[in-house]
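Shown next, in structure tokens, is the structure this report addresses.
The values are calculated or read from the model by the stated rules, or taken from the named source; none is laboratory data. Note that the structure is predicted; figures quoted are calculated from it, not measured. Every residue, glycine among them, receives a Cβ derived from its backbone with ideal geometry; neighbour counts consider all protein chains shown. To get the accessible areas, we keep the full protein, side chains included, count just its heavy atoms, and leave off ligands, DNA and RNA. Shrake-Rupley method; radii C 1.70, N 1.55, O 1.52, S 1.80 Å.
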Amino acid sequence: MQPIPIRTTVIGSYPFPGWLEFAVRNLQEFGNADKEEMIEDAVIAAIHDQVASGLDVITDGEQTRLDFNLSFYGYIKGIRENTDDLRRFGPAAHDQRGKNTITETLIAPGGLGAVKEFKRLQRLAPTGPVLKCSVPGPYTLSGRLLPNSQYPDRYAITEALLPFIRKELEDLVAAGCQEITVDEPSMSCYAYKEDTRRFVDIFNRTVSSVAGKCRLSTHLCFGNYKGRPVGYRSIAPMLPDFLDLKVDEVHVEMANREFAEIELLREFAQRMDVAVGIIDVKNYYIETVDDVVERINRCLEYVPAEKLAVAPDCGLSQTARWASRQKLVNMVKGARKVRELLR
């Protein structure tokens, strides 16, 4: 059970400072020491904004990652970037994101980098907030790798990646990480057409060695590439199978879907805690404190306060920093207001 009612949390990512984006485009101008300083400064900035908002749970903002999962491919041997099939012009969409060709047996001899990120967060964060690390699950991570004769389909690639993710989770727990989110948006996006029992089996085997050793959650959404979703945006196809996920908490995107299917939260709440996305990261309307209060009260009709957490729908990396900051501030104020009314 989570320690406080209506806990305020985030998914993982936070927008890069503008200067960091500029620096990344001009890395040849910096030495290694400069780069390390940049990384720390960016993480400090992300921590500052989250702590200033009053969040109960914070991350490092994934400031060292390209997207929430693309950077992980840099730790996997046996692949090379493939941009031949990308659509390079026209409206932004998921077919403009990178793919990778598999060239030999997949290995990740040095891990996936999340432990180093968490240890940096430990060192830089103040006492108080819970520190969380988010890691993409193997099915989602498989989505940017192209099948070949050795790995003939996405499920074969998933099985090859699964031990890498499991080991990373084990190493995070060993490093003292008490809260981990396994991001599997591809599972929620494709639940309408894939075998959901197979999804659950993949997920549960991935987390089997850390379940019960940390607060474990999963993030289910419908995609957010430059503010655009992908997939069939419905929770119903996930049920009842996803109720068997071995997690303490499930995070569900709600705000961007105008709280459609909110009644289905009750089914999740009977098995696990529920973190509801009540802040729309795809919209530059800044939710007011009263908006947040009203949304939380709607959620409380289906999820008990002691099992409810609130968060943005997805990571904030695709939302401008000025908007992200104010959205978090108002989310926390609204949650605290409802907490007070419940006492």
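Within 28 Å of L66 (Cβ to Cβ), out of contact with any Asp or Glu (no Cβ under 6 Å at 6 or more places or on another chain) and of a type outside the set (G, A, S), is that true of V289?
Against the criterion (within 28 Å of L66 (Cβ to Cβ), out of contact with any Asp or Glu (no Cβ under 6 Å at 6 or more places or on another chain) and of a type outside the set (G, A, S)), V289 does not qualify.
Only one of L121, L112 is assigned to a helix (DSSP H, G or I), modelled with pLDDT of 95 or more and open to solvent by less than 20 Å² (accessible area, probe 1.4 Å). Can you tell me which?
L121 is the lone residue from the list that is assigned to a helix (DSSP H, G or I), modelled with pLDDT of 95 or more and open to solvent by less than 20 Å² (accessible area, probe 1.4 Å).
Conditions tested, residue by residue: (1) touching a strand residue (DSSP E or B) at 6+ places or on another chain (Cβ under 7 Å); (2) buried (at least 21 other Cβ atoms within 10 Å of the Cβ); (3) in a loop (DSSP other than H, G, I, E, B).
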site	(1), (2), (3)
V135	yes, yes, no
N148	yes, no, yes
A156	no, no, no
K167	no, no, no
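Restricting to the range 253-278, and then to whatever is aliphatic (A, V, I, L, M) and either part of a loop (DSSP other than H, G, I, E, B) or in contact with an Asp or Glu (Cβ under 6 Å, 6 or more places away or on another chain) (or both), can you tell me which residue is surrounded by the most Cβ atoms within 10 Å (Cβ to Cβ)?
A275
To keep it simple, each residue is scored yes or no on (1) assigned to a helix (DSSP H, G or I); (2) of a type in the set (G, A, S); (3) open to solvent by 10 Å² or more (accessible area, probe 1.4 Å).
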position	(1), (2), (3)
E170	yes, no, yes
C177	no, no, no
K193	no, no, yes
R198	yes, no, yes
I202	yes, no, no
T206	yes, no, no
L216	no, no, no
Y232	no, no, yes
P237	yes, no, yes
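Could you grab me the full set of residues in the range 279-288 that are out of contact with any Cys (no Cβ under 7 Å at 6 or more places or on another chain), of a type in the set (A, V, I, L, M, F, W, C) and under 9 Å from D313 (Cα atoms)?
I279
Among the residues of the range 296-343, what is the count of those that are open to solvent by 10 Å² or more (accessible area, probe 1.4 Å) and under 16 Å from the mean Cα position of the chain (by Cα)?
Final tally of qualifying residues: 3.
Restricting the first residue to the range 86-114 and requiring it to be closer than 13 Å to L161 by Cα, which pairs with a second residue that is part of a loop (DSSP other than H, G, I, E, B) and open to solvent by less than 40 Å² (accessible area, probe 1.4 Å) meet a Cβ separation below 7 Å and a spacing of at least six or different chains?
I102/Y151; L106/I76; A108/I76
Looking only at residues in the range 1-42 that are among the β-branched types (V, I, T) and at pLDDT below 95, which one is nearest to L131 (Cα to Cα)?
Looking at residues that are among the β-branched types (V, I, T) and at pLDDT below 95, I get I4.
If you check K282 against the conditions, is it part of a loop (DSSP other than H, G, I, E, B), under 20 Å from the mean Cα position of the chain (by Cα), farther than 29 Å from K333 by Cβ and of a type in the set (K, R)?
Taking the combined requirement at face value, the residue does not satisfy it.
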